[in-house]
Structure formats: C-alpha cells, structure tokens
Amino acid sequence: MEKERFYYDDKIVKLFVWATIIWGITAFTIGLMVAYLYWFPHYMEGISWLSYGRLRPLHTNSAIFAFVGNGIFAGAYYSTQRLLKTRMFNDLLSRINFWGWQLVILLAAITLPLGITSSKEYAELEWPIDLLVALVWVAFTVNLVGTVIKRRVRHIYVAIWFYLSTAVTIAMLYIFNNLEVPATLWKSYSIYSGVEDAVVQWWYGHNAVAFFLTTPILGLMYYFVPKAAQRPIYSYRLSIIHFWTLIFIYIWAGPHHLLYSPTPEWAQVLGTIFSFMLIFPSWGGMINGLLTLRGAWDKVRENPILKFFVVAITSYGMSTFEGPMLSFKSLNAIAHFTDWIVAHVHVGTLGWNGFLIFGMLYWLVPRLYRTKLYSEKLANQHFWWGTIGILFYVIPMYIAGWTQALMWKQFKPDGTLQYPEFMDTVTEILPMHYLRAIGGTLYLTGALIMVYNLIKTVKGRTVEDTMDEAYPLEPVPAKRQPGEDFHNWLERRGVLFTILALIATAIGGAVEIIPTIFIDSNIPKIAAVKPLTPLEQAGRDIYVREGCYVCHSQMIRPFRSEVERYGPYSKAGEYVYDHPFQWGSKRTGPDLMREGGKRPNLWHFNHLYEPTSMVPQSIMPKYTWIIKNDLDYSDIQARMKALRTVGVPYTDEDIANAPKALEEQAKKIARDLEANGVTKQVTYIDAFGKEKVDLSKKEIVALIAYLQRLGTDTTKKKETAQR
C-alpha cells in the first residue's frame with residue numbers, strides 16, 4: 001500500500017493565530033479600562049457606551065470568546081490535522097468558522113456598548129447574534145467530526161477527545177440557555193424565569209467555564225506541552241480517567257453558584273457534592289501535564305515556552321482546587337458577591353487560559369512561518385511581566401474579598417451592624433483595586449512585548465500549507481479485536497465516541513434542570529406578586545441595558561447581616577415574572593431587592609445624574625443620558641406580548657391600554673419630582689438649564705418606577721415615594 005500525499009491547511013491556522021493576538025490585546029485593554037474606573041470613576045463620564053455596566057460585559061465576552069475562542073480554534077485546527085494525518089474535512093467550513101466567528105465578535109463589540117444585551121452572564125448577546133453563534137459552532141462541529149471520520153490514524157489521541165467533547169457540549173449548553181422569545185429585532189426575553197432561569201443560566205455559566213475555558217485548553221495542553229518538552233504525555237491511563245470523569249462530573253456543579261439562594265435545596269446539595277468531586281479529575285489532569293515535564297526541568301529554566309506552560313498548568317490546579325472549596329456553604333457564605341470571586345476567575349483566565357495560549361503562540365508561530373523566534377529574551381521578559389501582573393491582580397482581590405465579607409457581617413455588641421453603610425466597604429478596598437489596575441497594566445505590557453516579538457519573528461515571511469504523507473486508514477472490524485481493551489476499541493469509532501461524550505455531559509444537566517422547570521412545587525408561588533406595570537417594565541429594560549446587574553444584586557441571602565442591612569430574605573416566588581433573573585454575581589454596590597419605597601423619587605433622580613450629590617464617596621458612574629434621553633415606548637406592547645408568551649400573565653386589556661397606563665404613571669412620578677423641587681436642583685439645572693422639561697417623557701422616570709417597585713409586592717409597607 002502506498003502512502004497518500006496531502007497538505008495541512010495552515011493558512012486557516014494563521015488567520016486564527018493573528019485573530020487571537022489582536023483580540024487578546026483588545027480584551028486586555030478593555031479590562032484595564034474597567035479596572036481604572038475604580039481609580040478614576042469619572043474619567044469617561046457622560047459617554048454611555050463607555051460606562052462600567054456596558055464595558056464589563058464587553059470585556060468578559062472579548063476575553064472569553066474573542067481571545068480564548070480564537071486561541072482554541074488556532075490550536076485545534078493545527079493539532080487536529082497533524083494528529084489525524086489529514087487536512088480538515090472541508091475548507092469552506094473552516095472559512096465559515098473563521099469569518100463567522102469574527103463577525104460574532106464584531107457584532108458583540110458593537111451591540112454591547114450600545115446596551116443591547118440579554119444580561120445573562122457570559123451569554124449577553126441578543127437573539128440574532130445567538131443564531132449566528134449557533135450556525136458558526138455547527139460549522140466547526142461538522143468540520144471537526146468530519147475530520148475525525150476521514151482520518152488516517154486508527155486511534156484518536158487525547159487532545160481530540162477534549163475537542164470533540166467541547167464541540168458537542170457547548171452546542172447543547174448555548175442553545176438551551178439562550179432559548180428566548182424575540183420582542184423586537186434587538187430585544188428578547190428568556191423563556192425561563194426567576195429560579196428556573198438561575199438554574200439554567202448557571203448550568204450554562206459554570207459549564208461555559210468548563211467546556212470553553214477548560215476542556216479545549218486541556219486539549220491544547222495535551223498536544224503542545226509534550227511537543228514543547230519533546231516528551232510523551234506522562235500517563236495514557238490517567239488521561240482516560242481524567243477525560244471521562246471530568247466531563248461527567250463538571251456538568252453537575254453549576255448550582256454551587258446558587259448556594260443560599262431560593263433555588264431548591266436538593267439542587268444546591270448536588271452542586272456541592274459534584275463540585276467537591278471535581279478536585280480529583282482536575283488535579284489528575286494537572287499532574288498529567290506537570291509530570292510530562294519530568295526529566296525536562298533543566299529545559300524549563302531555559303525555555304520561556306515551558307515556563308508559560310508550567311505556570312498555566314499550576315494556575316489550573318489552583319483554580320480547580322479553589323472552585324470546589326468555594327462550593328462548601330461555609331466558604332461560599334464568605335466569598336459569594338465579593339471580589340474573592342474576581343480573583344478566583346482571573347487565576348483561571350490570566351494564568352491558565354492566557355499563559356497556555358501565550359506558550360502555544362510562541363511555539364506555533366515560528367513553525368507556521370518556518371523560522372525561529374525573534375527573541376527568547378523578550379519572551380522571558382513577557383513571562384515575568386505577566387507573572388508579576390497576575391500576582392498584583394489576584395492577591396489584592398483576595399484581600400479585598402475577605403475584607404468585604406468580614407465588614408458586611410460584623411456586628412457591634414449592641415446587635416447593630418458595625419458598618420451599616422455599604423460605602424464603608426467600598427472605600428476600604430479601593431487601594432486593592434488600585435493594585436489590581438497596576439497588575440492589569442503589567443499583564444498588558446507583557447502581551448504587547450509578545451506582539452512585538454512575534455511581528456519581528458514573521459517579518460517578510462509567509463505561511464504555506466505543509467505537505468505530509470501517510471498510509472490510508474484500513475477498514476477494521478467493528479468488534480473488539482483480541483487483546484484490545486474497550487477504550488482502544490472506542491477510539492476507533494469516532495462518531496460513537498462523540499455521542500457517548502455528549503451523553504456523559506447531558507445526564508447531569510437533565511437531572512438538575514428538568515425537575516426545576518417541570519415540577520411546580522420546586523418554586524412555590526406567592527399570590528401578592530404581580531407583573532410589572534408597562535412603565536416599570538420599560539424601566540427594567542433600561543436597568544438591563546445599562547448593566548446595573550453588573551454591580552448590584554437582587555437576591556438577599558438568609559443571613560442575619562443581610563436581613564439587617566437590606567430587608568427580608570428572598571423567596572423563590574418573588575421572581576416568577578423575571579425574564580431573565582437579576583440576582584447578579586458581585587456587589588460593587590448594595591443589593592437592590594428591597595429598594596422600593598426606601599427613598600423618595602427625587603433622591604433617585606439626583607443619585608442617577610450625580611451619585612456623589614447623594615453619596616459623597618460614591619464611585620458609581622453618572623447616568624446623565626438617562627435623564628436627557630426621551631423614553632421610547634413605541635414597542636412596549638410588543639414587549640408585553642413577548643413576555644406573555646413566556647408566561648407573564650398580561651391580559652389583552654393590559655396590552656391594549658399599555659401606552660396610556662405608562663403615560664399616567666410617568667406623569668404621576670414627574671408631578672412628584674416637580675412638587676419636591678426638582679427644577680431647583682443643581683442636577684436638573686445642569687441637565688436642562690432653566691428650561692422647563694416634561695420629565696414624564698424621559699427615561700429617568702421609567703427607571704425610577706422600576707426601582708421603586710423592587711421588593712414591594714411581598715412587604716407589608718407598600719409605600720413608594722410616588723404616593
């Protein structure tokens with residue numbers, strides 16, 4: 001039998017490599033802009049599309065999907081072809097994958113700063129872009145599976161296992177989490193509400209970390225670390241255990257993000273149990289990666305690529321130890337909603353994802369361009385700038401998280417809160433945020449050194465497809481051969497392998513989500529809870545648009561400290577009409593679950609336009625445009641119809657009368673503002689001069705209406721400052 005000659009598609013790898021570099025610098029820069037807003041909270045004031053609430057989702061999306069996503073595709077396209085000894089299944093699908101993914105990123109970069117968002121963490125993109133993501137991901141999955149089918153090697157290597165699992169599981173997660181009903185071209189509502197939405201979202205959110213930021217990066221680790229070290233992977237058997245236990249267990253762990261919340265207790269318990277179990281496969285992978293370097297530690301001291309890999313794998317071990325620890329209620333009670341979680345996330349993102357991709361780029365680019373790296377000295381400088389940057393970032397955030405938790409929970413001997421004002425904690429941890437910004441600056445500086453190094457490396461050179469040759473794969477019997485173990489047999493059957501990987505990941509999701517959605521007793525109803533009025537719903541949509549959920553939670557845990565500070569703890573039935581839920585994941589500002597009626601309308605007006613006029617030490621940005629913008633409610637009926645489709649009990653009469661009801665409530669709030677002297681306030685004069693403006697037609701009135709409604713359905717005092 002003669003060998004077949006073929007060419008690897010290296011041009012698609014080149015495209016993904018440079019997209020990774022460009023979007024990486026973009027993501028780091030946006031993150032730095034967000035970090036410096038703590039230091040200089042008003043340096044971009046008045047620019048709506050550069051406000052904190054809009055930039056932060058842009059940063060997370062660009063870091064995850066633009067930087068890491070392109071890095072995954074670059075490494076996967078390069079390694080898959082060489083491991084399977086074949087060109088990718090279809091060149092057109094490869095190009096659709098690349099250009100479609102860049103279009104998704106570009107649309108995200110446009111829509112998120114414009115406030116077009118679903119507000120679901122790591123899934124903020126609106127429904128037209130969701131459809132595009134699904135189409136592009138299908139193109140990638142078909143291309144990957146097709147390549148496995150046409151391979152010229154009998155057994156598929158460990159890295160391919162992780163790529164296959166990533167492809168099918170992300171498709172499942174993204175589709176089910178983003179099921180929504182469109183109201184307009186750029187506005188939709190999740191089909192899930194409240195507790196249901198929280199369970200589904202964190203099934204997706206936790207496993208976006210698992211199957212987008214972990215499993216494909218492990219695939220890259222299993223290929224590029226042995227290549228760079230020039231040593232085989234430490235243990236094939238450990239790889240098998242690592243892979244199957246990881247993908248089966250990971251999918252169950254989502255509810256550990258919802259401890260002490262109104263979600264069913266059984267779901268929280270399952271989340272904790274499986275989160276703890278995750279330590280074992282995760283550390284199995286870490287050990288497999290690090291021990292691959294056994295006997296090569298002299299190389300590690302000299303080779304910057306291996307340095308990046310060692311820190312990356314160590315960061316993976318650290319974050320996958322801390323994650324299960326945070327699933328214990330005692331630790332979760334301290335860390336949740338604090339900057340501790342920010343530190344935890346960035347150990348994984350900056351250390352595990354960032355450093356492994358940096359090491360991969362340093363190894364890959366010279367080989368693509370058939371040259372040598374321009375400067376190992378610069379690569380070493382990048383390593384140290386990046387490493388020190390990570391330390392400056394995460395250590396202050398750990399300290400800030402502990403400080404927040406201890407101050408929030410501290411009581412005086414007389415039983416009152418030691419720090420009743422939320423701003424007490426904000427001002428206390430600001431120095432930690434300054435250090436974080438410095439750490440981010442160092443990390444970005446290192447990345448810019450890499451860009452210079454790689455540009456100098458490729459200067460004047462081009463990428464050509466690489467020729468290789470291999471024997472065609474001979475057909476083999478479907479039955480297991482004598483002496484062949486089950487997993488070797490399974491590796492010969494790529495499609496079956498993929499199906500079993502999908503089943504392994506689907507089981508946990510089905511067990512946790514189906515009962516939550518279909519068993520009504522899991523979410524007790526509360527008769528007093530009613531749908532929002534048209535004006536309040538318009539205000540909620542503005543709240544979502546501005547990213548208020550980024551800094552404020554709407555979920556009070558059953559702790560004495562939180563009940564004393566915010567009011568009665570949250571009940572599941574209070575969220576049945578929330579599409580999507582707004583529990584938040586971090587408190588840069590206080591919880592707003594019981595905000596309704598606590599302060600007069602005029603306070604909110606002044607606070608939104610000039611926060612320091614009400615809270616002198618505030619670092620909240622000014623929302624000047626909300627006061628100046630006219631309220632567009634031309635589509636309020638379409639939005640209410642969409643909400644009725646997903647379960648909010650609006651009647652035909654409610655929808656027909658919506659514009660009139662909205663106008664009447666808006667005028668009532670505007671009259672209250674005027675009666676309390678809003679036209680004499682400095683904030684009003686700054687916004688409109690001495691001109692008399694009809695405030696009932698401004699967005700501020702809708703947002704005030706929503707804030708004044710929060711938490712009032714189930715409290716005895718239904719006083720709102722609108723009375």
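Key figures for this structure:
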{"item": "Any chance Ala312 is closer than 25 Å to Gln404 by Cβ and at pLDDT 95 or above", "result": "no"}
{"item": "Filter result for the condition that a residue is closer than 27 Å to Val13 by Cα, assigned by TED's automatic domain parsing to the domain that holds Gln410 and assigned to a loop (DSSP other than H, G, I, E, B), over Leu293, Leu356, Leu306, Leu350", "result": "Leu293"}
{"item": "Subset of the range 180-210 [polar (S, T, N, Q) and buried (at least 23 other Cβ atoms within 10 Å of the Cβ)]", "result": "Ser188, Ser190, Gln201, Asn207"}
{"item": "Residues located in the range 589-616, provided they are hydroxyl-bearing (Ser, Thr, Tyr) and buried (at least 22 other Cβ atoms within 10 Å of the Cβ)", "result": "Tyr609"}
{"item": "Considering residues of the range 124-166 that are of a type in the set (Ser, Thr, Tyr) and within 27 Å of His206 (Cβ to Cβ) only, the residue surrounded by the fewest Cβ atoms within 10 Å (Cβ to Cβ)", "result": "Thr141"}
{"item": "Single residue of the range 325-335 satisfying the filter (part of a helix (DSSP H, G or I) and in contact (Cβ under 8 Å) with a residue 60 or more places away in the chain) that is farthest from Arg557 (Cα to Cα)", "result": "Leu326"}
{"item": "Matching entry among Gly539, Gly573 (being outside the structural domain of Val426 (by TED's automatic domain parsing), outside any loop (DSSP other than H, G, I, E, B), crowded, with 22+ Cβ neighbours inside 10 Å and not charged (D, E, K, R))", "result": "Gly539"}
{"item": "Hits in the range 696-723 - residues which are modelled with pLDDT of 95 or more, out of contact with any Gly (no Cβ under 6 Å at 6 or more places or on another chain), of a type outside the set (Val, Ile, Thr) and under 21 Å from Gln582 (Cβ atoms)", "result": "Glu699, Leu707"}
{"item": "Residues (farther than 18 Å from Ile191 by Cβ, part of a helix (DSSP H, G or I) and not hydrophobic (A, V, I, L, M, F, W, C)) located in the range 93-136", "result": "Ser94, Arg95, Asn97, Gly100, Gln102, Thr111"}
{"item": "Total residues in the range 672-701, condition loosely packed, with under 15 Cβ neighbours inside 10 Å and touching a residue at least 24 places away in the same chain (Cβ under 8 Å)", "result": "4"}
{"item": "Of residues in the range 435-477 being among the charged types (D, E, K, R) and part of a helix (DSSP H, G or I), the one farthest from Arg154 (Cα to Cα)", "result": "Arg436"}
{"item": "Of the criteria (1) touching a helix residue (DSSP H, G or I) at 6+ places or on another chain (Cβ under 7 Å); (2) assigned to a loop (DSSP other than H, G, I, E, B), which one Ser319 fails", "result": "(2)"}
{"item": "Residues being touching an Asp or Glu at 6+ places or on another chain (Cβ under 8 Å) and either at pLDDT below 95 or in a strand (DSSP E or B) (or both) - total across the range 666-694", "result": "3"}
{"item": "Residue identified as over 23 Å from Thr588 (Cβ atoms), surrounded by 18 or more Cβ atoms within 10 Å (Cβ to Cβ) and not aromatic (Phe, Trp, Tyr) among Gly348, Gly289, Gly323", "result": "Gly289"}
{"item": "Number of the condition not met by Asn353 [criteria: (1) within 26 Å of the chain's Cα centre (by Cα); (2) without any contact (Cβ under 8 Å) to a residue 60 or more places away in the chain]", "result": "(2)"}
{"item": "Output for the range 360-383, where each listed residue is under 19 Å from Ala312 (Cβ atoms) and touching a Pro at 6+ places or on another chain (Cβ under 8 Å)", "result": "Tyr362, Leu373, Glu376, Ala379, Asn380, His382, Phe383"}
{"item": "Single residue of the range 542-560 satisfying the filter (crowded, with 18+ Cβ neighbours inside 10 Å and assigned to a helix (DSSP H, G or I)) that is farthest from the chain's Cα centre (by Cα)", "result": "Ile542"}
{"item": "Where a residue in the range 23-49 is over 18 Å from Cys551 (Cα atoms) and its partner, wherever it lies, is not aliphatic (A, V, I, L, M) and not in a helix (DSSP H, G or I), with Cβ under 7 Å and at least six apart", "result": "Gly46/Lys622"}
{"item": "Residue within the range 516-536 that is aromatic (Phe, Trp, Tyr), in a helix (DSSP H, G or I), modelled with pLDDT under 95 and not assigned by TED's automatic domain parsing to the domain that holds Asn657 present", "result": "yes"}
{"item": "Close pairs from the range 290-303: first farther than 25 Å from His242 by Cα and in contact (Cβ under 8 Å) with a residue 60 or more places away in the chain, partner small (Gly, Ala, Ser) and surrounded by 17 or more Cβ atoms within 10 Å (Cβ to Cβ), Cβ under 7 Å, at least 6 apart", "result": "Lys299/Ala229"}
{"item": "Filtered residues of the range 674-716 (kept if more than 33 Å from the chain's Cα centre (by Cα), of a type in the set (Val, Ile, Thr) and within 30 Å of Gly573 (Cα to Cα))", "result": "Thr715"}
{"item": "Qualifying positions in the range 137-195 - polar (S, T, N, Q) and in a helix (DSSP H, G or I)", "result": "Thr141, Asn143, Thr147, Ser165, Thr166, Thr169, Asn177"}
{"item": "Qualifying residue in the range 642-657 (condition: buried (at least 18 other Cβ atoms within 10 Å of the Cβ), outside any loop (DSSP other than H, G, I, E, B) and out of contact with any helix residue (DSSP H, G or I) (no Cβ under 9 Å at 6 or more places or on another chain))", "result": "yes"}
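Yes or no, residue by residue, for (1) touching a residue at least 24 places away in the same chain (Cβ under 8 Å); (2) over 30 Å from Trp49 (Cα atoms); (3) touching a helix residue (DSSP H, G or I) at 6+ places or on another chain (Cβ under 6 Å):
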residue: Ala504; (1), (2), (3): yes, yes, yes
residue: Ser521; (1), (2), (3): no, yes, no
residue: Lys525; (1), (2), (3): yes, yes, yes
residue: Pro534; (1), (2), (3): yes, no, yes
residue: Arg540; (1), (2), (3): yes, no, yes
residue: Glu546; (1), (2), (3): yes, no, yes
residue: Val550; (1), (2), (3): yes, no, yes
residue: Phe559; (1), (2), (3): yes, yes, no
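Every residue, every condition in (1) of a type in the set (Val, Ile, Thr); (2) farther than 24 Å from Pro580 by Cα, yes or no:
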{"site": "Asn601", "(1), (2)": "no, yes"}
{"site": "Ser613", "(1), (2)": "no, yes"}
{"site": "Ser618", "(1), (2)": "no, yes"}
{"site": "Ile627", "(1), (2)": "yes, yes"}
{"site": "Leu631", "(1), (2)": "no, no"}
{"site": "Val678", "(1), (2)": "yes, yes"}
{"site": "Tyr684", "(1), (2)": "no, yes"}
{"site": "Ala687", "(1), (2)": "no, yes"}
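The values are calculated or read from the model by the stated rules, or taken from the named source; none is laboratory data. Here the structure is a predicted model, which means the values were calculated and not measured. For neighbour counting, all protein chains shown are included, and Cβ atoms are generated from backbone atoms with ideal geometry for every residue, glycine included.
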